[in-house]
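Asker: This is the structure I want to talk about, given as structure tokens.
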Amino acid sequence: MEENFTLLEQNRDLIDIAELRMDYLPVKELRDMNGIRKRMGIAAIATFRKVCDGGRFRGDEGFRRKTLLDAVQAGFEYVDLEYGFDFPEVEAAVLNKGTAVIRSIHNFSGVEVSKGSIKGMLSLPDSEIPKIAVYPQSSKDLLGLLQLYSTFKDREKKIIVGMGAYGFFSRILYRKFGSLLTYCSGAEASGAPGHISPEQLKDVYNLDIITPDTAVYGIIGNPVMHSRSPHLHNAGYRKYSMDAVYIPFPVDDPDQFMRFANTLSIKGFSVTVPYKKDVIRFLDNVDQSVIQADACNTVVRKDNGYEGWNTDIEGFFRPLEKRISLQDIKRIAIIGAGGAAGAVIRALKGLDAQIHIFNRTEEKARILSQKFGIRYFPLSSYEEIERCDLIVQTTNVGMHPLEDKTPLPGYRFRKEQIVYDLIYTPEETIFLKEAAAAGCRTINGLEMLFIQGKLQFKLFTGVDYPEN
Ligand code: ATR
């Protein structure tokens with residue numbers, strides 16, 4: 001309880017109501033509900049879940065009922081009772097005290113809820129608030145979740161939550177879907193999969209200004225939940241007081257996601273690995289940048305369909321042009337021969353410069369070099385790398401959790417070289433540190449990430465990303 005109270009104090013200003021998960025507490029701490037309720041000093045929900053309902057309590061049912069009864073008597077404003085929970089004493093106390101009942105159903109393995117339960121939940125008395133928490137497992141399940149919202153749309157008070165990464169959007173957009181509240185957890189604590197902290201809800205997702213009319217943007221990819229793009233876009237919306245929000249959407253099936261995006265009228269989305277090519281088939285119009293890159297990282301919804309753009313290429317070039325005139329680059333070293341290397345080579349092909357690939361695995365280097373008609377070398381050909389004006393590092397060596405590694409151990413940079421590392425976590429890799437120490441001009445992946453994101457912001461909203 002002391003840990004709970006500490007968390008509550010840390011988050012008091014950020015929340016409207018606190019849920020006490022009694023099933024997370026040692027039984028001996030549950031004896032003084034009056035004391036707990038008083039000390040909470042904020043509107044409160046009492047919840048005591050059994051393991052079979054997704055909670056932690058394995059003990060005696062009589063004790064659980066008695067403790068719930070104590071909570072109602074102690075003045076908790078809400079009590080969460082599972083659908084099917086039948087205990088007349090608690091029900092009588094609830095009526096007597098005017099406690100609101102949250103009547104809950106959970107599905108931790110999908111979005112299905114039996115017809116009988118739906119019917120029962122729809123016919124609950126107005127004094128009870130139906131709560132349905134489901135766990136979408138795929139893009140297809142998103143449509144099932146939307147179906148639940150539509151089934152309950154006429155019910156004034158309800159709570160419908162999608163758990164996990166696929167359901168994350170429902171926590172952010174709860175007002176859009178008419179849910180009474182959204183759940184979050186402070187610090188390390190987590191009451192359910194997909195919870196984020198109250199600070200993140202407020203500071204990253206501008207939760208306090210989201211309304212039913214808020215325009216929805218986002219990013220699709222797999223994995224995508226750790227993307228930094230929500231920080232960038234949402235900060236821009238906040239600065240301009242725009243009624244918009246940007247959310248990560250993990251996707252395992254782009255066709256299903258597009259159905260979901262159409263239903264939800266998503267206004268635009270960024271596209272990341274592995275869908276930059278695949279998404280092109282959904283576009284009604286493509287900008288020249290998509291053709292040039294053979295990849296699309298920005299989709300904008302227009303009256304006449306979806307429009308696709310690629311801001312990665314400009315995002316890559318702008319930091320470079322800030323440091324050197326492109327026609328002065330005569331020889332370029334690409335470190336790595338994966339997907340990112342291919343995209344960079346495609347962008348650089350237009351320059352009047354020789355491009356060389358340096359890769360650990362010869363076979364992959366050979367395939368890429370044949371595709372673009374350029375030469376390749378082993379990664380250890382340091383004397384060849386030394387002849388290049390620009391080095392572009394495209395491997396994941398140096399990226400968290402490999403931050404103590406460099407793809408070119410012992411390589412001595414020439415101070416005239418421009419060194420570009422696509423990695424942005426950490427901001428400065430060992431590779432870039434060594435280059436900077438040798439006096440090179442360096443560019444990190446964060447600069448590129450910001451520029452491509454700011455260009456997307458303009459495509460989404462029509463206005464430039466705010467200064468500073
Ligand atoms: P991405 O799409 O991000 O480019 P990728 O297609 O998996 O990812 O490519 C990763 C690149 O990093 C490859 O060129 C890989 O080298 P191999 O072709 O030899 O696999 C390179 N890479 C990964 N780990 C490496 C390491 N420890 N040392 C050198 N190169 C490495």
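Here, each number is a calculation from the coordinates, and none is a lab measurement. Predicted model, so just to flag it, every value in this text is computed and none were measured. Glycine also receives a Cβ, built like all others from the backbone with ideal geometry; neighbour counts cover every protein chain displayed.
Asker: Separation between the HIS231 and ASP86 pseudo-spin-labels, each 7 Å from Cα along Cα→Cβ, expressed in nm?
Answerer: Each label point lies 7 Å from its Cα, and together they span 5.3 nm.
Asker: Could you point to the residue in THR263, PHE169, VAL113 farthest towards the positive end of the chain's charge dipole, with +1 and -1 charges on the Cβ of Lys/Arg and Asp/Glu respectively?
Answerer: The residue sitting most towards the positive pole is THR263.
Asker: If one takes the longest principal axis of the Cα atoms in the chain, at what angle in degrees, from 0 to 90 and to the nearest 10, does the Cα axis of helix 339-348 lie?
Answerer: 50 degrees
Asker: Here's something else I'd like to know. Taking the DSSP beta bridges in the chain as the whole, what percent of them are antiparallel, to the nearest 5? Could you put the intermediate results ahead of the total?
Answerer: On the way: 8 of 66 bridges.
Of all bridge pairs located within the chain, approximately 10 percent are antiparallel.
Asker: In Å, what is the Rg of the alpha-carbon atoms in the chain, and how long is Dmax?
Answerer: Radius of gyration, then largest Cα-Cα span, for the chain: 27.0, 85 Å.
Asker: Here is a further query. What do you get for the angle between helix 139-151 and the principal long axis of the chain? Use alpha-carbon atoms, 0 to 90 degrees, nearest ten.
Answerer: 40 degrees
Asker: Using a basic spin-label model with each label point 7 Å from the Cα along Cα→Cβ, how many nm lie between ARG346 and GLN10?
Answerer: Label at ARG346, label at GLN10, 4.4 nm between them.
Asker: Under the definition of Cα pairs under 8 Å and six or more residues apart, what whole-number percent is the relative contact order of the chain? Display every interim value, and only then the final one.
Answerer: Working: 851 pairs, mean separation 36.9, N = 468.
Once divided by the residue count of the chain, the mean separation gives 8 percent.
Asker: Further question: Give me the one-decimal nm value for the distance between modelled label points at THR361 and GLN292, 7 Å along each residue's Cα-to-Cβ direction.
Answerer: 3.1 nm
Asker: Which listed residue (SER197, TYR424, ALA343) has the Cα farthest towards the positive end of the charge dipole for the chain, taking +1 on Lys and Arg C-beta and -1 on Asp and Glu C-beta about the Cα centre?
Answerer: ALA343
Asker: Same structure again: What number does the range 1-141 give for Rg over Rh if you use C-alpha atoms and the Kirkwood radius?
Answerer: Numbers: Rg = 15.6 Å, Rh = 16.1 Å.
My calculation of the ratio gives 0.97.
Asker: Using the beta-carbon distance between LYS50 and ASP203 and R0 = 35 Å, what value does 1/(1 + (r/R0)^6) give for FRET efficiency, to the nearest 0.05?
Answerer: Values: r = 35 Å, r/R0 = 1.00.
The computed FRET efficiency comes out at 0.50.
Asker: So, one more: Kindly flag which residue pairs out of LYS131/LYS202; LYS158/LYS202; LYS202/LYS433; LYS140/LYS176; LYS276/LYS349; LYS330/LYS405 have an alpha-carbon separation exceeding 30 Å in this structure.
Answerer: On the way: LYS131/LYS202 23 Å; LYS158/LYS202 22 Å; LYS202/LYS433 35 Å; LYS140/LYS176 20 Å; LYS276/LYS349 19 Å; LYS330/LYS405 28 Å.
From LYS131/LYS202; LYS158/LYS202; LYS202/LYS433; LYS140/LYS176; LYS276/LYS349; LYS330/LYS405, over 30 Å: LYS202/LYS433.
Asker: Just subtract the alpha-carbon distance of GLN256 and GLN354 from 0.36 nm times their residue separation and send over the number in nm, one decimal.
Answerer: Contour length minus Cα-Cα distance gives 31.0 nm.
Asker: Still on this structure, please answer the following. How far is helix 88-97 tilted off the main Cα axis of the chain, in degrees rounded to 10, range 0 to 90?
Answerer: 90 degrees
Asker: Okay, moving on. Using helices alone, I'd like the mean residue ellipticity at 222 nm for the chain: each DSSP H run of four-plus residues gives -39500 (n - 2.57), total over residue count, nearest 500.
Answerer: On the way: 17 runs with 164 residues, N = 468.
That calculation yields -10000 deg cm²/dmol at 222 nm.
Asker: For each of THR461, THR425, count neighbouring Cβ atoms within 10 Å of the residue's Cβ, then give the residues from fewest to most.
Answerer: Working: THR461 20, THR425 14.
The order, fewest Cβ neighbours first, is THR425, THR461.
Asker: Could you size up the charge dipole of the range 368-460 around its Cα centre, putting +1 on the beta carbon of Lys and Arg and -1 on that of Asp and Glu, and report it in debye to the nearest 20? Don't skip to the answer; put the middle values down first.
Answerer: On the way: 11 positive and 12 negative charges, 62 e Å.
The calculation lands at about 300 debye.
Asker: About the Cα centre of the chain, how large is the charge dipole given +1 on each Lys and Arg Cβ and -1 on each Asp and Glu Cβ? Please answer in debye to the nearest 20.
Answerer: 480 debye
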